[in-house]
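A short worksheet on the structure shown next.
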Amino acid sequence: MISYKKWLWMTLSLILLPLIAIAGFNFYIDPLWNFGHAHRYNRIQASFDERQQKTNWVTFGSFDYDSLILGSSRTTYISQYDFPGCKAYNYSVSNMLLDEYYDYVEYAKARKGREFELIIIGLDFYASNQNLKREFHEPSFYIEQAHEFGYRYKTLLSRDVLQYSWQNFQASRQGQPQNFAYDRRNIKTLNLVSAGEKKSKIEATVDKYRRDIYADYHYVDVKGILSHLKESNPHTRFIVFTTPISQPLYELMLEEGLYPYYQRWLYDCVEVFGEVYNFMGPNSITSDLDNYYDASHVYPHIGTLIAHRVMNSPDPRIPEDFGVLIKTRRN
């Protein structure tokens, strides 16, 4: 007959061992970027919650960067290591809107302990539409969640996290780069697609912008939002650029009658920062669809050219018409 004590230990073991295994595996793979260790079995990380993942990195990592990069998914594919002369952290996330910049900068500054030497911003014209549907929580949601008592240890017992751990483990074990995934150095992957697949993606992107992004357009207070950001960082140098969209998407903007707002957007950005590198207008990169994954996203090697252009780093691969510097008259 089994004694009560032995029965209790057996019961506890049956309960605790699976939990320990789940927690151990989630810690080992670390899909929420709570711990920072890197090895061959977690080298590929799905970007299932970029705002939380990157905020966790800022919260729990050694945040000793002198520069910060902000922008939407278009800017996530630009490597933070492609900006010569600075140690940058790429805090860009999918669909980052103008009114998110301030809170993420303030949080990153708080973790750093002082202002950044340099803030680099990839500006998207579509984000000037005040009526865009907000698809994500406010920055405070992700920041507060990272600071909940025991947050990063509680997530170790999550079955949802376990699913991403297993996905990351399998991808890392096979060593096959996954689209939209990161490595442990915050570099994001975007693989080449076939001409047929690209054509479908471009058509789908243009259709989405026509139906959802450019529809019901109302110009947001770009100048006010960006001025507040700049004034809150008086000792920081800003480098600002517009993200390059493909020619079909640019032509859609013209068809929708948004060119006057595009001009106003450029004017407001230049007024605030003094100068802006414009990659968005028609040029030899945007007119060549080989440079694009879809109508909205250039491949990472084009992102390298953007980084080198804005940092004035010599690169013979950069076309002369790619990244025209627009300045105010006083400059």
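Descriptive notes on the structure:
- Value of relative contact order over the chain, rounded to a whole percent, pairs C-alpha under 8 Å and six or more apart: 22 percent
- You can think of it this way: the chain between Trp166 and Asp221 has 15.4 nm of extra reach, that is 0.36 nm per residue less the Cα-Cα gap.
- Since only Leu289, Val310, Ala215 are under comparison, the one whose Cα sits farthest along the positive direction of the charge dipole of region 156-312, derived from C-beta charges on Lys, Arg, Asp and Glu, is Val310.
- For region 11-80, the fraction of alpha-carbon pairs in successive 5 Å shells from zero, as %: 3, 13, 18, 22, 17, 10, 7, 4, 3, 2, 0
- At full extension, Lys133 and Leu192 could sit 18.3 nm farther apart than now, given 0.36 nm per residue minus the alpha carbon distance.
- In terms of its C-alpha gyration tensor, region 251-314 comes out oblate, because a/c is 1.5 or above while a/b does not outweigh b/c.
- With Cα atoms defining each centre, region 84-139 and region 231-257 are spaced 14 Å apart in the structure.
- 18 Å Cα-Cα reach of Lys154 towards aspartates and glutamates, excluding residues that sit fewer than 8 places from it in its own chain: Asp30, Asp49, Glu144
- Close amide H contacts of Ile120 (hydrogens built in the peptide plane, cut-off under 5 Å, sequence separation of 5 or more or a different chain): Leu68, Ile69, Leu70, Ile239.
- Cα-based Rg of region 150-274 normalised by 2.2 N^0.38 Å, two decimals: 1.50
- For region 121-154, the list of trypsin sites (Lys or Arg not before Pro) that fall in a loop by DSSP and count at most 12 other C-beta atoms within 10 angstrom reads Lys133, Arg134.
- Coil-residue trypsin sites (Lys or Arg not before Pro) of region 85-119, DSSP, other Cβ within 10 Å capped at 16: Lys87, Arg114
- Residues in region 39-67 reached by a label modelled at Phe141 [backbone nitrogen below 16 Å; 7 Å Cα→Cβ]: 48-56
- 3J(HN,Hα) from dihedral phi, region 131-145, Karplus parametrisation 6.51/-1.76/1.60, rounded to Hz, x for glycine, proline: 8, 4, 6, 7, 9, 10, 6, 5, x, 4, 4, 6, 5, 5, 5
- Reach of Lys198 by Cα under 12 Å, taken over aspartates and glutamates that are not fewer than 8 positions away in the same chain: Asp290, Asp294
- Dipole magnitude of region 4-327 about its Cα centre (Cβ charges: Lys, Arg +1; Asp, Glu -1), debye to nearest 20: 1560 debye
- Entries of Lys208/Lys230; Lys54/Lys87; Lys188/Lys223; Lys230/Lys327 with Cα pairs more than 23 Å apart: Lys208/Lys230; Lys188/Lys223
Every number here is computed from the coordinates shown, using simple stated rules; none is lab data. Predicted, not measured: the structure shown is a model, and the values here were computed from it. Note: ideal-geometry Cβ built from the backbone for every residue, glycine included; neighbour counts use all protein chains shown.
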